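So the structure is just underneath, and the comments pick up after that.
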Amino acid sequence: MLSVRIVLLGPPGAGKGTQAVVLADQMGLVHIASGDLLRKHQARETELGLKARSYMQSGLLVPDDLVIAMVLGEIGRDGNNMGVVLDGFPRTLEQAKALDEAMAENGIDLAISIGVSEPELVRRLGGRLVCRECQAPYHQDNVPSICSRCGGELYQREDDTIEAIHRRLVVYQSETAPLLDYYHQQGKLHQVDGGREVDEVTRLVIEVVDNYR
Ligand code: AMP
């Protein structure tokens, strides 16, 4: 089994979650998705979930201290040893620095950025339904009545409204896009074209990881 620490970067709707699931399955990595963890906290109405809710609904980032504590707590369980694919974290420079400090040796191994044009992101997110159980995404043009992966109920996320989508894209540009430069300077950044078919994007992502091994 491969012990590699991967960060998936890219704007909302780029397909990070989809690719993270495949990577984790194929390579035996722990998959940690900060958005999924936050939605679980919301569903359980924990203190963190309640604090995070208004930020998430409006498409803003949840404050760094809350997200950092949550994700580093998850990694602490077994991700640092087994290898991990982080999806949706880090999203700010402060988060990236906290992650580097928490990781043994020289921080993460690979940052893979999935690029998609803005009109395509708006199309994907605006028509997106996701599974309440496993978070698998579907597009309204071609949607089953229940999740074909786990049978869960499909719903539209509260932050997949036009207004929140636009805010998330602006936040991505201002807060998260600078991470590309951060990881480029560390020699860890790899960029793949996320506008292609899902399987082709998977092939490109796996190629990056294989070349690293
Ligand atoms: P996602 O499912 O990754 O699209 O995340 C949904 C929402 O959760 C984001 O729009 C943020 O409000 C919040 N969120 C997820 N990950 C982070 C993070 N690393 N930092 C701050 N907020 C986050």
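The values are calculated or read from the model by the stated rules, or taken from the named source; none is laboratory data. Note that this is a predicted model, so its numbers are computed, not measured. Here the Cβ positions follow ideal geometry from the backbone for every residue, glycine too, while neighbour counts run over all protein chains shown. Just the protein is used for accessible areas: all its heavy atoms, side chains included, with ligands, DNA and RNA removed. Shrake-Rupley method; radii C 1.70, N 1.55, O 1.52, S 1.80 Å.
For Gly28, which of the numbered conditions (1) over 24 Å from Glu207 (Cα atoms); (2) free of Cβ contacts under 8 Å to residues at least 60 places away in the same chain fails to hold?
It is condition (1) that Gly28 fails.
Would you call Arg132 within 16 Å of the ligand (Cβ to nearest atom) and in contact with an Asp or Glu (Cβ under 6 Å, 6 or more places away or on another chain)? Lay out the reasoning, then the answer.
Working: within 16 Å of the ligand (Cβ to nearest atom): yes; in contact with an Asp or Glu (Cβ under 6 Å, 6 or more places away or on another chain): yes.
Criteria met by Arg132.
Restricting attention to the range 105-115, does a residue exist that is of a type in the set (A, V, I, L, M) and open to solvent by 10 Å² or more (accessible area, probe 1.4 Å)?
no
Among the numbered criteria (1) under 16 Å from the mean Cα position of the chain (by Cα); (2) more than 21 Å from Val209 (Cα to Cα), which one does Ile114 miss?
With respect to (1) under 16 Å from the mean Cα position of the chain (by Cα); (2) more than 21 Å from Val209 (Cα to Cα), Ile114 is out only on (2).
Run down Glu101, Glu207, Glu153, Glu105 and say which single residue is more than 17 Å from the chain's Cα centre (by Cα), farther than 16 Å from Leu8 by Cβ, among the charged types (D, E, K, R) and at pLDDT 95 or above.
Values: Glu101 fails: at pLDDT 95 or above; Glu207 fails: farther than 16 Å from Leu8 by Cβ; Glu105 fails: at pLDDT 95 or above.
The unique qualifying residue is Glu153.
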